[in-house]
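Input: a single structure, listed below in structure tokens.
The values are calculated or read from the model by the stated rules, or taken from the named source; none is laboratory data. Treat the numbers as computed from the prediction; the structure is a model and nothing was measured. Here the Cβ positions follow ideal geometry from the backbone for every residue, glycine too, while neighbour counts run over all protein chains shown.
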Amino acid sequence: MKTIMLLTSILAFLGCTPKLPEGTPVSYQYSYSGTMMYYITWYEVKQTPDKGVTISYSSDCSPEVTVIKAPADALEKIGSIVKECKLNKLKDSYQPAEQVLDGYGWHVFIEYESDYIGSGGSNAWPPASLWKGIATINNYIQGIIDASTEADIIEKTTHQ
């Protein structure tokens, strides 16, 4: 009986941590929102058909989306942070013990060629070490945005 319980525990433990996807991400998306119509912060980093990389972003609950050219290695850098911070350990969803109908929510989605890491929460966040990984990626992206100039803008649109 003890052997069965031990084996079950080991299998459950192994099943709780999805394998880190292989390769470099092809896109990264993050959103942080409250009860407002538009996102407080929204980023999307993606590979373009010509193998370039762009960052689309909006902030401050604005419907405006700005698209800029990103460094060619931006997705590689994001992939390094994902690996270093073990973001494959993120749970699918984080929720508080008590039901809360207002407050803040977040979502992160990291797409690879044949796999993905996706997580989100409503009024709840992952453990500090995992949240630090998401924050590190977002700080990296925000640094690129902050250093961009008018000449780096590809287009401006609105959220659909």
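Details
- Set Lys83, Lys51: member being touching a residue at least 40 places away in the same chain (Cβ under 8 Å), out of contact with any Asp or Glu (no Cβ under 6 Å at 6 or more places or on another chain), farther than 23 Å from Thr158 by Cα and not hydrophobic (A, V, I, L, M, F, W, C): Lys83
- Ser119 polar (S, T, N, Q), buried (at least 18 other Cβ atoms within 10 Å of the Cβ) and under 13 Å from Tyr28 (Cα atoms): yes
- Output for segment 25-42, where each listed residue is touching a Phe, Trp or Tyr at 6+ places or on another chain (Cβ under 8 Å) and assigned to a loop (DSSP other than H, G, I, E, B): Pro25, Val26, Gly34, Tyr39, Ile40
- Selection over segment 72-89 of residues that are out of contact with any helix residue (DSSP H, G or I) (no Cβ under 7 Å at 6 or more places or on another chain) and either surrounded by fewer than 18 Cβ atoms within 10 Å (Cβ to Cβ) or at positive phi (or both) gives a count of 8.
- Of all residues in segment 62-121, those satisfying the criterion of being in contact with a Ser or Thr (Cβ under 6 Å, 6 or more places away or on another chain) and part of a helix (DSSP H, G or I) are Leu75, Glu76, Gly79, Ile81, Lys89.
- Which listed residue is part of a strand (DSSP E or B), of a type outside the set (Asp, Glu) and either over 15 Å from the mean Cα position of the chain (by Cα) or over 19 Å from Ser58 (Cβ atoms) (or both), from Ile145, Ile154: Ile154
- The residue of segment 51-61 that is surrounded by the fewest Cβ atoms within 10 Å (Cβ to Cβ), among those that are in a strand (DSSP E or B) and of a type outside the set (Ser, Thr, Tyr), is Val53.
- So Pro71, is it more than 27 Å from Ala147 (Cα to Cα) and at pLDDT 95 or above: no
- Hey, Ala124 of a type outside the set (Asp, Glu), at pLDDT below 95, in contact with a Phe, Trp or Tyr (Cβ under 7 Å, 6 or more places away or on another chain) and not in a helix (DSSP H, G or I) or not: yes
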